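The block underneath contains the structure these notes are about, expressed in structure tokens.
The values are calculated or read from the model by the stated rules, or taken from the named source; none is laboratory data. Because the structure is a prediction, the values reported are computed rather than measured. Here the Cβ positions follow ideal geometry from the backbone for every residue, glycine too, while neighbour counts run over all protein chains shown.
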Amino acid sequence: MGQEPTPFISRFAVESAFALFLAAFGAVIIKGALEFNIGWGDIGPEAGYFPFRVGTLIVLASLINFCHAIVQRKKLAAEVFLTREQTRNVVAFAIPVIVLVGVTIAVGIYVAAALFLLFTVGYIARHRLWVTIAVAVGTPLILFVLFEYVFLTPLLKGPLENWLGWY
Amino acid sequence: MFENFPLLAQGFALAVSPYNILLMIVGVFLGILVGVLPGLGAPNGVTLLMPLTFGMNPVSAIILLTSMYWGALYGGSTTSILFNIPGEPSSVATTFDGHPMAKAGRATEALTTAFLSSGFGALTGVATVTLLSSWATRFALRFSPVEYFTVFMLAFGSFVAFGGGAPIKTVVSIALGFAWASIGMDTVSGSMRLTYGFPELSRGISLLVVVIGLYGIAELCQTMQESAATVEPVASRLSPREVIRAALVWPRYWIALLRSACIGIWMGITPGGPTASTFMSYGIGRRFSKAGARFGTGEPEGLVSSEVSDQAAGCAAMLPMLALGLPSSATAAVLLGGLMIWGLTPGPALFAERPDFVWGLIASMYVSNVVCVIMALTTVPLFAAILRAPFTITGPLIVIVCLVGTWTVGSAPLDLWLMLAFGAMGYFMSRLRYPVAPLVLAMVLGDRAEDAFRQSMILSKGSLLVFWSNPLAGTIATLALLCFVFPLYSAVRRGLGR
């Protein structure tokens, strides 16, 4: 791991893109607020009044942040947001987590957790087989006992649990 | 001022039952655990535990959750001192002197000093809450929606002025929190707002899901960014003799103790929060103390300065939370959300209607902080060992904890996707230095701030001058306005000047 970190994404790129993203988000809020009366009714401000102003504030403040980033372009462009290695680490973390949520909704939390831990602990981090199995099988079992019997807060189940008779 | 003592005695009778003591020990243990582990902190630790308390009686539930909060503050100090990793944002200042002390072989002294200082800070904070609560509720009883709205604005204004973040980014955070809070049913007209045709959004976005994403997933992402973050282990065995020796030296820092306690209490009652108070206390200590020049090189007084004010602020923050329903830290905001879920309305009426709850909580704070000092000292070797477990195992386990925690909030698949979205959002926000705490506060207060504003406008028939209609509201409103205007004005001027 002794190699020099390679700059990949500059602070300027992310700072300006995020400001624009937030401005767009503010615009979505404004659009939602416009479905209602944004002014005054018989009983004071109507339902759209507050969200409309909050949305406008997000748009304006984000545009100021965007302009601020443009003004400081040189300084921010020299600042590294993520190196190539860091980007790889973040992506390697994020993609399994996104897949985990999709798989959870399909097959339930217990099975998804086992698969996720098998993949991250065994395949990505390359821990020993017995460590991987202990973590990937032990965690869902402990969760199962805790949530189904101790806390009485059932978690999402899928086809496997149904087949075994738990719903 | 002293009419509260009989009430406090009743609180002790209620809080100090074997069951509640057990809850304190469990809470403190879990708190130290989330404080120690990167990727979990007090706000989302409390959040993850909250759904499990919905069935408990409110007094036991709040004892469990607040004990967890105190424990997290102590756990954050352990990692700061031993590993130079602030487990909590409020323990950043602890690393300045704590870690150099540990590296110089004075880990035991540093930990003992830190925990005793935390305990001292906590006790002064709770004592303040005990003495001032009657006065604060009487003060709060005079509040109409007009005053409430001005106080809310002052809370947000102080984040803009003193929060340490770029003022415009702080404003964006606050506005985002308000926007998310307004999703779902409008409390005044009953209409469904900002649901964009998703029926799942009609019950609103849960604060708990937002916190798990913004703090949990985002922080994990940041930790994962550095491949195999290696921690330098420092000797973590504690010899009892050294603990006693450090404890005997500790009272010598009495000036720093008192000074930092005052700063912490002040920052806790006004919505400054623990993090800002530690930096302020450390900064003031460096400037005014005789030992100030040695701050940053392993000077115990620097450690005392940050630890005392951290806990004093954390405990004193309970006063505005209970009396006004105004949380001054992200964790207090989450606890406030919990109060509402348990069916309790924070504010002056809470003291009159549920004295058992309020005084049980206050009494438990005395006891649980003593539990904290003892447990923090005795569990150091255990947690140091946990920290040495490879993060490639604890990281994925924390992901599963976040996933399970999100599901228990509302058993809704949409919440899981929202957790990811807020996680991504939180990652970019903290990397780009958008402060997250004001966003959480805005989400908790969003509906109440909007209601207070609309009720004020109904009272005044639409005139904003109502906020200056009496001296109390006028003073607070003017202060709030100044908090917003000055930093923004100078920021815009500086930005354009370049």
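At a glance:
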item	result
Number of the condition not met by residue A:108 [criteria: (1) more than 7 Å from every other protein chain (Cβ to nearest Cβ); (2) at negative phi]	(2)
Selected residue [free of Cβ contacts under 8 Å to residues at least 40 places away in the same chain, part of a helix (DSSP H, G or I) and either closer than 30 Å to residue B:458 by Cβ or more than 9 Å from chain B (Cβ to nearest Cβ) (or both)] from A:20, A:57, A:76	A:57
Residue identified as assigned to a helix (DSSP H, G or I) and either at pLDDT below 85 or within 25 Å of residue B:216 (Cα to Cα) (or both) among B:360, B:338, B:302, B:343	B:338
Enumeration of residues in segment B:54-85 that are more than 15 Å from the chain's Cα centre (by Cα) and either within 22 Å of residue B:397 (Cβ to Cβ) or of a type in the set (A, V, I, L, M, F, W, C) (or both)	B:54, B:56, B:59, B:61, B:63, B:64, B:78, B:79, B:81, B:82, B:83, B:85
Filter result for the condition that a residue is touching a Lys or Arg at 6+ places or on another chain (Cβ under 9 Å) and among the hydrophobic types (A, V, I, L, M, F, W, C), over B:288, B:279	B:288
Where residue B:169 falls short, out of the listed (1) surrounded by fewer than 22 Cβ atoms within 10 Å (Cβ to Cβ); (2) modelled with pLDDT of 85 or more; (3) basic (Lys, Arg)	(1)
Tally, over segment B:421-471, of residues that are at the interface with chain A (Cβ under 10 Å from one of its Cβ atoms) and of a type in the set (A, V, I, L, M)	9
Segment B:403-414, subset at pLDDT 90 or above and within 21 Å of residue B:223 (Cα to Cα), residue farthest from the other protein chains (Cβ to nearest Cβ)	B:406
Residues of segment A:96-105 classified as more than 10 Å from chain B (Cβ to nearest Cβ) and either surrounded by 16 or more Cβ atoms within 10 Å (Cβ to Cβ) or not in a helix (DSSP H, G or I) (or both), total	1
From A:93, A:81, residue being assigned to a strand (DSSP E or B) and at the interface with chain B (Cβ under 10 Å from one of its Cβ atoms)	A:81
Odd one out for residue A:69, checked against (1) facing chain B (nearest Cβ under 10 Å); (2) surrounded by fewer than 20 Cβ atoms within 10 Å (Cβ to Cβ); (3) over 30 Å from residue B:458 (Cβ atoms)	(2)
Among residues of segment A:124-162, those that are closer than 30 Å to residue A:88 by Cβ and more than 8 Å from every other protein chain (Cβ to nearest Cβ), counted	11
Helices (runs of 4 or more DSSP H) contained in segment B:41-136 and holding at least 3 residues touching a helix residue (DSSP H, G or I) at 6+ places or on another chain (Cβ under 6 Å) and within 28 Å of residue B:357 (Cα to Cα)	B:42-49, B:58-83
Options B:394, B:378; residue that is touching a Leu at 6+ places or on another chain (Cβ under 8 Å) and either surrounded by fewer than 22 Cβ atoms within 10 Å (Cβ to Cβ) or over 22 Å from residue B:122 (Cβ atoms) (or both)	B:394
Segment A:14-48, subset at pLDDT below 90 and of a type in the set (Asp, Glu), residue surrounded by the fewest Cβ atoms within 10 Å (Cβ to Cβ)	A:42
Residue among B:190, B:177 that is of a type outside the set (Ser, Thr, Tyr), in a loop (DSSP other than H, G, I, E, B) and within 12 Å of another protein chain (Cβ to nearest Cβ)	B:190
Hey, residue A:164 out of contact with any Asp or Glu (no Cβ under 8 Å at 6 or more places or on another chain), at pLDDT below 90 and on the phi > 0 side of the Ramachandran plot or not	no
Positions within segment B:372-396 being modelled with pLDDT of 90 or more and either at the interface with chain A (Cβ under 9 Å from one of its Cβ atoms) or touching a Phe, Trp or Tyr at 6+ places or on another chain (Cβ under 7 Å) (or both), in sequence order	B:372, B:373, B:375, B:396
Residue A:66 vs. criteria assigned to a helix (DSSP H, G or I) and among the aromatic types (Phe, Trp, Tyr)	yes
Count of residues meeting criterion [in a loop (DSSP other than H, G, I, E, B) and at the interface with chain B (Cβ under 8 Å from one of its Cβ atoms)] in segment A:36-54	5
Flag if residue A:120 is facing another protein chain (nearest Cβ under 9 Å), touching a residue at least 40 places away in the same chain (Cβ under 8 Å) and not charged (D, E, K, R)	no
Residue B:386 surrounded by fewer than 19 Cβ atoms within 10 Å (Cβ to Cβ), assigned to a helix (DSSP H, G or I) and of a type in the set (A, V, I, L, M, F, W, C)	yes
Residues of segment A:131-143 that turn out to be farther than 15 Å from residue B:392 by Cα and either free of Cβ contacts under 8 Å to residues at least 12 places away in the same chain or surrounded by fewer than 16 Cβ atoms within 10 Å (Cβ to Cβ) (or both), as a count	4
Flag if residue B:147 is of a type in the set (D, E, K, R) and within 26 Å of residue A:66 (Cα to Cα)	no
Filter pass, residue B:417 being over 15 Å from residue B:151 (Cβ atoms), surrounded by 20 or more Cβ atoms within 10 Å (Cβ to Cβ), among the hydrophobic types (A, V, I, L, M, F, W, C) and modelled with pLDDT of 90 or more	no
Failed condition for residue B:35, given (1) among the small types (Gly, Ala, Ser); (2) buried (at least 24 other Cβ atoms within 10 Å of the Cβ); (3) over 27 Å from residue B:299 (Cβ atoms)	(3)
Total residues in segment B:207-228, condition within 22 Å of residue B:452 (Cβ to Cβ) and surrounded by fewer than 24 Cβ atoms within 10 Å (Cβ to Cβ)	0
So residue B:143, is it in contact (Cβ under 8 Å) with a residue 40 or more places away in the chain and part of a helix (DSSP H, G or I)	no
Condition check for residue B:451: within 23 Å of the chain's Cα centre (by Cα) and surrounded by fewer than 22 Cβ atoms within 10 Å (Cβ to Cβ)	no
